[in-house]
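This report refers to the structure that appears directly beneath it.
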Amino acid sequence: MSKYVTEPPFEHGSEKKIGVLLVNLGTPEAPTAKAVRPYLREFLSDTRVVEIPKPVWWLILNAFILPFRPKQSALKYASIWTNDGSPLMVHTTKQMKLLKGLIGERQGPGYVVDFAMRYGKPSVADKMQQLKREGCEHIVVLPLYPQYAASSAGSVMDAVGRTIQMMRNPPVVRSVKHFHDHPTYIEALAKQVKKHWALNGRGDHLLMSFHGVPKATLTKGDPYFCECHKTGRLLAEALGLAKGAYTIAFQSRFGKAEWVKPYTFEVLHQLGKAKTPKLDIICPGFVSDCLETLEEIAMEGKAEFVAAGGGEYRYVPCLNEEEGLIETLYQLVQQEVLGWEKVLPSPAERMKSREVAKEKGAKQ
């Protein structure tokens, strides 16, 4: 049996296109323990996510985590689930459609835009194969993680690589590594905060909460911590904030190992104890509102801050479908496709190729 997936039917002179694949983290298909369990299993089985020897981690995962955590996580997902489904899935779908429209408006036909999830469905492998069936011999993979981490964008690259290994005739692939300091992205974040201030008044302090990673990854060379700080610094500069007017912190700590600090919930407790009248909080490491922003930050974070004595707690939504984010994604794609459009054959060239091939005896 061949180790390769079946190639799509070939025809001389067929139209070739450029594929764009947005990739987000993923989500269970329903807010139930039954649906959460396989999603968690796939996510926590990724050696990019958990860098513990496999035999040890297999025992911990199957004996202590999967029997209990899915039920707890399902309750959290249920608290943010919408009539349209998972917020992450809803926003990623809309982002894909908006980017597709923008590319079509500015570049015309010749592009196929789609999205995948690193964990769960639709998978990276399925979508890359679909793009290939639609004639995409060149594909840009754009992980929707502004800051690079081995456990996020690095894992997407792994999934892309495994998919290519399954193809007898793989496409040309380029991947966007990060966009933590992209001017258009910083501008979009600043505009989002200013819009919030215009509606609700300016807060007394701005907390920027990024997803955490184990401290050991930083000492091993992962640039994530530094890229988060650069995003935070650039956003503060764009907003004209003095050094003491904002804090950069890290959320979603998992396990007993030390993670990069300061921890978001410790900062929230300190700001609450300091009787901060109005606290604004934003998550510049997420482009879409999801469990980590809507439940952990907007709900649990508020409870922590208020219980510690804080005043008004105001969560600033992710960019989601904001024009600035879609423009950023468009610019990132255009940076990667430079030179590709020149190698794609024109209709006349395709027709000539087909005619020559048939003259030589080709049937397709």
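The values are calculated or read from the model by the stated rules, or taken from the named source; none is laboratory data. None of the values given here were measured: they were computed from a predicted structure. Cβ sites come from the backbone with ideal geometry, for glycine too, and all protein chains shown count toward neighbours. With ligands, DNA and RNA removed, areas are computed over all heavy atoms of the protein, side chains included. Shrake-Rupley method; radii C 1.70, N 1.55, O 1.52, S 1.80 Å.
Each label point was placed 7 Å from the Cα along the Cα-to-Cβ direction; for D46 and A245 their separation is 3.6 nm. Per the Debye formula on identical point scatterers at the alpha carbon atoms of the stretch 1-127, with no solvent, log10 I(q)/I(0) at q = 0.14, 0.16, 0.19 Å⁻¹ is -0.81, -0.94, -1.10. Taking only the Cα atoms of the chain, the radius of gyration and Dmax are 22.6, 82 Å. When the GluC sites (Glu not before Pro) in the stretch 251-293 are filtered for DSSP coil states and for at most 12 other beta-carbon atoms within 10 Å of their beta-carbon, the remaining sites are E258. Potential lengthening of the chain between Q331 and K121 amounts to 72.9 nm, from the contour at 0.36 nm per residue minus the alpha-carbon distance.
Counted residue by residue at 0.36 nm each, then reduced by the alpha carbon distance between them, the extension gain from I60 to K34 reaches 7.4 nm.
Site pair V306 and E7 shows an inter-label distance of 6.2 nm when each label is modelled 7 Å from Cα along Cα→Cβ.
Note on the stretch 183-316: semi-axes of the ellipsoid equivalent to its C-alpha gyration tensor, largest first and rounded to whole Å, are 22, 19, 13. Proximity of backbone amide H atoms, modeled 1.01 Å from N, is registered between S123 and M117 at under 5 Å, excluding neighbours fewer than 5 places apart on the same chain. Once both labels are positioned 7 Å from their Cα atoms along Cα-to-Cβ, the gap between E15 and K177 label points is 3.5 nm. Dipole size of the stretch 183-316 about its Cα centre, with +1 on Lys/Arg Cβ and -1 on Asp/Glu Cβ: approximately 360 debye, rounded to the nearest 20. Of K76/K230; K127/K177; K17/K132; K230/K302; K94/K121, which sit over 21 Å apart, Cα to Cα? Pairs exceeding 21 Å: K76/K230; K230/K302.
Counted residue by residue at 0.36 nm each, then reduced by the alpha carbon distance between them, the extension gain from K97 to E134 reaches 11.6 nm. In this structure the chain gives 49 Å² per residue of accessible area when probed at 1.4 Å with all protein chains present.
Determine the share of the stretch 192-283's accessible area contributed by carbon and sulfur atoms, expressed in whole percent, with a 1.4 angstrom probe. Within the stretch 192-283, the accessible surface is 57 percent carbon and sulfur.
Across the options V56, M167, H12, the greatest Cα extent toward the positive end of the charge dipole of the chain (unit charges at beta carbon of Lys, Arg, Asp, Glu) belongs to V56. Distant-in-sequence amide contacts of C136, defined by a placed amide H-H separation under 5 Å and a gap of 5 or more residues or a different chain, comprise K17.
Summed over qualifying helices (DSSP H, 4 residues or more, each -39500 (n - 2.57)) and divided by its residue number, the chain shows a 222 nm mean residue ellipticity of -13500 deg cm²/dmol.
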